[in-house]
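Here is the structure we will look at.
The values are calculated or read from the model by the stated rules, or taken from the named source; none is laboratory data. None of these values were measured; they are calculated from a predicted model. Note: ideal-geometry Cβ built from the backbone for every residue, glycine included; neighbour counts use all protein chains shown. For accessibility, only protein heavy atoms count, side chains too; no ligands or nucleic acids. Shrake-Rupley method; radii C 1.70, N 1.55, O 1.52, S 1.80 Å.
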Amino acid sequence: MPVSSAGPTGTLDAQSGAGPAGASTAVLDPAERILADAICAAAADQRVLHLRGGDSKRGLGGTAHGEPLSTLGLRGIVDYDPAELVVTVRAGTPLADLQAELVAHGQMLPFEPPDWPGATVGGAVASGLAGPRRAFAGSVRDALLGARLLDGRGQVLRFGGRVMKNVAGFDLFRLQAGAWGRLGVLLEVSFRLLPRPQREETLRLPMAANEAIQRMNRLAATPLPLGGAAWCEGALHLRLCGSAAGVDAALPGIGGQTVEPAAAAAFWAGCAGMPPGHRPAADMRGPDQLEVPLWRLSVPSTTRSLGAEGEFAVDWCGGLRWLATDAPPSEVRSLAASLGGHAMAWRGNLAQPAMHPLDPVRLALHRRLFDVFDPHGVFDSGRFDAAAVQAASGAT
Amino acid sequence: MSQLAASQATSRILSALAAALPADALLTEPEQLAPYECDGLSMYRQPPLAVALPYTAEQVQAVLRICHAHHTPVIPRGAGTGLAGGVLPRADAVLLSLARLKRIVRIDPLARVAVVEPGVRNAAISEASAAHGLYYAPDPSSQIACSIGGNVAENSGGVHCLKYGLTVHNVLGIKGFLADGTPLSIGGEAPDDSGLDLLALMMGSEGLLVVVTEVTVRLLPRPRVAQVVMAAFATVEAAGDAVAGIIGEGIIPAGLEMMDALATRAVEDFVHAGYPLDAGAILLAESDGTAEEVADEIARIEAVCRRHGAVSLAVSQSEVERLKLWAGRKAAFPAVGRITPDYYCMDGTIPKKHLSAVLRRIAELSERHGLACANVFHAGDGNLHPLIFFDANQPGDVERAEAFGLDILRACVEAGGVITGEHGVGVEKLDAMCVQFAAPELATFHAVKAAFDPAGLLNPGKAVPTLHRCAEMGAMHMHGGKLLHPELPRF
């Protein structure tokens, strides 16, 4: 019984009374123990830790603060049975290693994360970044089934599981996707997987952005095997994925030019990071050299083209807009908000946190959740709304 | 508090509510309260202090503010079809029914979204979207009656969730109120809210964190064609291998269901769906999509089933045949109800590869507890519904069924699974939560609850057991019971 190992505490105060030195006695392997000890030490000394996997998202959407704490010691696939459509993997595992293993079994992560060099599984979850398939196969948190993590007390917590259907307890594992490590150090995560499509075809249809936005939304409302719908460089790009029979049957009704497979694969993989179309090409490793700041706007899918505002690409079947603009951040934020969406500062505007500011109610909830998971303010908040950061560190 | 003071406090809150609500939106008479004293798990009954039936979000907010000011617990309720006692009232609490907020605010066929109030029935969303060739995918078995607000609270699934996901995968945003009446808006039509993913946290939170007054859902294009394969196997093991084979083939069936021999016989006697009576297990695999996709997928599913030794195989050739093959599976619960005075439905999820081992364990336990058990299984996603036979009129039977059920849930957790796949915790599985989670996790759940509801007034005592309860749980006590709403399909 798990509860007997934790002792008959009988009161909820046991947790807060444990303090920074009160790491959980649950079983940790040596690599996990190192992380737990580092968290406890940082909590005791009031230091801030900056969680780091492969550092592939360095500078992305904000500046990291604090001492780096590497998760690269957490490596390897814990459990993978293709017939379950579930994989459990340690957070420091290179994403490329996981992808290669899944490909070997004809499966894939549904959310198509950016495959930047060095990226880890933990970083893919923590950043919550998803590629073109997100509009059709779901986001990072949609694919998460469970997680083990260390909270800001250094205690190990396990939420969710390794099964598809599970409604026991709050879904605190899904909360880790896109939390940028603010709520804890991911140790291992379980994903629901998809079979790789038998057949993929990419079609290129030259047209203006507004026409493309209409077209992609109309197509998505019909039962076609769509797995990608993006506009950039003056053309709508559609990806059909599924059984050979299904894709073959769908192709004639759409028109356009077929893109050769290698070029198509490169195109969609590129979209996962940032679609082409912006000049000069953004170098992931050299954000400071960008001439114009880049923004990633999340908006309702049928929103008009924002070409006049600097939009150079549309993805997620209209739901994601890429803007290159030197308009003041407040203007970009207002634009996104006025459309019913939000804006993330992507590159070249690092003076401010990446995330869209929160309304006061959600801001207060963020502060309280930060305190639940990290009462001593151990984990870096560089990417969050400055107001939430301030309050979280001020609360300790 | 003295009796007099308590009665004065009660009359103060009732008059405050009466002043804030239309005359027909507050029930206080015992005969009015009776219909609200339980949900689908009818063995737990308790009339509330009062029932509020607001018509608008503003009235919902008023009820919350008044109750907060009077430090009175509030229990939000949808259609009351839940199976775990999640909306069981308390004598000191106001039951807040969202049933009258049932407007479909708008449907946008191009953006493929519907904005609805929480009292809208699950099936009504698909009905309203049908003219556009769209539908709302999650289809819990009670979908003709259950409400979208309740679906949000329970993160409901359905027969098709392997392919189309649970509520969490199909809700884009919510509006509602915190326990103190503070308005809250999370998500919307733009993907991925900024900041922490609070929307995901709301799904399945069993009414402990927020009261929802508006839900934005994603609509999907209705598949053009659906066909089902019925395959019979000599043993459960062979059927399980076929399930692994189908997934291994790269197929995600729209539905993938299994029944063991006892369930199959009960069903066949009841609905005559055409299932072979000598089979050890029956598998139903549905494919949907375009005609070309379905033809291809059905052929591959058939081939896999043959390869794994299917003793008989049938493929629906018409919508009538498809519905007939499904009718048996959908009638499994009432069919079992015909051959036993009472049954107790369990709801564990396990990794599929352990199905045979868990079913063998259940068979051993069945012998040890001296009670029969039929098994129906959402085979695609590992969600197992053992139906324990008992007779509540036989002394000791209820206790034996409870002990048997507990042992089954333990077996699920030991196999790497979980204690509830889709029915929720409510009050029914509070003790079982102690099996699945350790003290630090339960403490974190309580802290998250307090972050949203510091006064602890929203559906208190549900979903998460106190550490004290877990510590004291020497003898775990699981409760069964007859289901209310016998007219609703349950599968």
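Per-structure values
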{"read-out": "Crossing angle, helix B:355-369 versus chain B [Cα axis fit, 0-90 degrees, rounded to tens]", "value": "70"}
{"read-out": "Label-reachable residues, the stretch B:23-39, where backbone N falls under 11 Å from a point 7 Å from B:THR10's Cα toward its Cβ", "value": "B:29-30"}
{"read-out": "Solvent-accessible area buried by pairing A with B, both sides, nearest 100 square angstrom, 1.4 angstrom probe", "value": "7300"}
{"read-out": "For the stretch A:76-98 and the stretch A:212-260, distance of Cα centres in Å", "value": "31"}
{"read-out": "Residue among A:ALA364, A:ALA104, A:ALA124 with the largest mean-square fluctuation in a Gaussian network model of chain A, springs linking Cα atoms under 10 Å", "value": "A:ALA104"}
{"read-out": "On Cα atoms only, tilt of B:236-248 relative to the major axis of chain B in degrees", "value": "80"}
{"read-out": "Percent RCO, i.e. relative contact order, over chain A, from Cα pairs under 8 Å lying at least 6 residues apart", "value": "18"}
{"read-out": "Accessible carbon and sulfur surface of the stretch B:3-97 relative to its total accessible area, %, 1.4 Å", "value": "56"}
{"read-out": "Unpartnered cysteines - no second Cys beta carbon under 4.7 Å - across chain B", "value": "B:CYS38, B:CYS67, B:CYS146, B:CYS161, B:CYS305, B:CYS345, B:CYS373, B:CYS412"}
{"read-out": "Label point 7 Å beyond Cα of A:VAL27 along Cβ direction - residues of the stretch A:135-173 with amide nitrogen under 20 Å", "value": "A:146-151, A:155-163"}
{"read-out": "With DNA, RNA and ligands ignored, accessible area of B:ARG112 (1.4 Å probe; Å², nearest 10)", "value": "40"}
{"read-out": "Cα convex hull of the stretch A:50-195, projected area averaged across orientations, nm²", "value": "8.4"}
{"read-out": "Top of A:GLN107, A:GLN198, A:GLN214 by mean-square fluctuation, Gaussian network on chain A, Cα under 10 Å", "value": "A:GLN198"}
{"read-out": "Average other protein chain Cβ within 10 Å of Cβ, residues A:81-89", "value": "5"}
{"read-out": "Ellipsoid semi-axes in whole angstrom, largest first, where each is sqrt(5λ) of the Cα gyration tensor of chain A", "value": "37, 26, 18"}
{"read-out": "Net charge dipole size for the protein assembly as shown [Lys, Arg +1 and Asp, Glu -1 on Cβ; Debye, nearest 20]", "value": "800"}
{"read-out": "Other protein chain Cβ atoms within 10 Å, averaged over every residue that makes up B:197-207", "value": "6"}
{"read-out": "Equivalent ellipsoid dimensions for chain B as semi-axes, Å, which come from the Cα gyration tensor, largest first", "value": "39, 28, 20"}
{"read-out": "For the stretch B:225-334, accessible area per residue (1.4 Å probe, heavy atoms of protein chains only), Å²", "value": "35"}
{"read-out": "Positive-end residue of B:ALA153, B:ALA123, B:HIS169, charge dipole of the stretch B:104-221 with Cβ unit charges", "value": "B:ALA123"}
{"read-out": "Per residue, in Å², the accessible surface of the stretch A:188-345 once ligands and nucleic acids are set aside, probe 1.4 Å", "value": "37"}
{"read-out": "Fully extended contour minus Cα-Cα distance, from A:GLU101 to A:ALA266, at 0.36 nm per residue", "value": "57.4 nm"}
{"read-out": "Cα-based equivalent ellipsoid, the protein assembly as shown: semi-axes from gyration tensor eigenvalues, Å", "value": "39, 35, 28"}
{"read-out": "Cβ neighbours within 10 Å from other chains - mean over B:107-117", "value": "3"}
{"read-out": "Inter-part distance where the stretch B:316-393 and the stretch B:128-157 are each reduced to a Cα centre, Å", "value": "24"}
{"read-out": "Residue-count net charge about A:SER305 - beta-carbon cut-off 11 Å; Lys, Arg +1, Asp, Glu -1", "value": "-1"}
{"read-out": "Among A:ALA137, A:ALA327, A:ALA269: highest mean-square fluctuation, GNM of chain A, C-alpha pairs under 10 Å", "value": "A:ALA327"}
{"read-out": "Relative contact order [Cα under 8 Å, 6+ residues apart], chain B, whole percent", "value": "15"}
{"read-out": "Sum of side-chain charges, B:LYS175 neighbourhood, beta-carbon under 15 Å (Lys, Arg +1; Asp, Glu -1)", "value": "-3"}
{"read-out": "Whole-Å distance, taken between Cα centres, linking the stretch B:160-218 and the stretch A:326-365", "value": "21"}
{"read-out": "Helix runs (DSSP H) in chain A reaching 15 Å along axis by Cα, Kyte-Doolittle at least -1.0", "value": "A:30-45, A:209-220, A:261-273, A:360-373"}
{"read-out": "Rg over Rh, two decimals, the stretch B:225-334 (C-alpha only, Kirkwood Rh)", "value": "0.94"}
{"read-out": "Unsatisfied cross-links (Cα-Cα over 31 Å) in the set B:LYS330/B:LYS429; A:LYS57/B:LYS352; A:LYS165/B:LYS449; A:LYS165/B:LYS330; B:LYS175/B:LYS352; A:LYS57/B:LYS449", "value": "A:LYS57/B:LYS352; B:LYS175/B:LYS352; A:LYS57/B:LYS449"}
